[in-house]
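Please read the structure below before turning to the comments.
Every number in this text was worked out from the coordinates using simple rules, so none of it is lab data. No experiment lies behind these values; they were computed from the predicted model shown. Cβ sites come from the backbone with ideal geometry, for glycine too, and all protein chains shown count toward neighbours.
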Amino acid sequence: MPAARVLSVGELVARARALADAGPRQVLGIAGAPGAGKSTLAERIVAGVGEAARLVPMDGFHLAQAELERLGRDARKGAADTFDAVGYVALLRRLHRLEPTSVWAPRFRRDLEESIAGAIEVPPQVRLVVTEGNYLLLPGDPWEEARSLLHEAWFVDLDAEVRLRRLTARHEAYGRSPEQARAWALGSDERNAALVAATADRADLVVRLADPPQE
């Protein structure tokens, strides 16, 4: 993995504002392994930039639970082939070309373990779309096109022990027992993390937060 720069959220917000000012619309991708803190960082970036920015997470393109079960992939939900990658890329194309009307994106609800269609509005006046997810920098079809649609891509790095602790706590918070949570974090999540770590060199910036959020 390339050497990470240690930056504060404030410094990253300033970088995102400069990107938005390059207009007419810019797409910023934030990638990283499961539990690295990319969702929280993306939220803080959008809050810092304000009304000119919108957050459109990749997680909205999770396949439905019933489809994962039908395909035999439910035991590794979160792997690259458990997302509608083609649909995600199609949405990025629409966001990238700045359509004259609002674009609506899906949102993943962790409490339901399902995605809700049309839950995020991106109106034409939005100058910065922030999208975050594990696989934004993955090579090969269909993910390869996603990278080409990002004006700038960041990769969030985090100490592996801290990341594992966060993941285990997250799985427990959504109903798994401590044993199940740790097994999932060390199993499926770690296999995904290894795949994602290999894509860091495709980012414009590899960053470690100087002021990470409290656990």
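How many percent of Cα pairs in the chain exceed 24 Å? Provide the component values of the computation, followed by the final result.
Details: 9141 of 23005 pairs.
Cα-Cα pairs of the chain separated by over 24 Å account for 40 percent.
Over the chain, dividing the summed -39,500 (n - 2.57) contributions of all DSSP H runs of at least 4 residues by the number of residues returns a 222 nm mean residue ellipticity of -11500 deg cm²/dmol. When the square roots of the Cα gyration tensor eigenvalues are ordered a ≥ b ≥ c, the ratio a/c for region 1-64 is 1.5 or more and a/b does not exceed b/c, which makes its shape oblate.
Ranked by the mean number of other Cβ atoms within 10 Å of their residues, highest first, the peptides 196-202, 63-69, 27-33 come out as 27-33, 196-202, 63-69.
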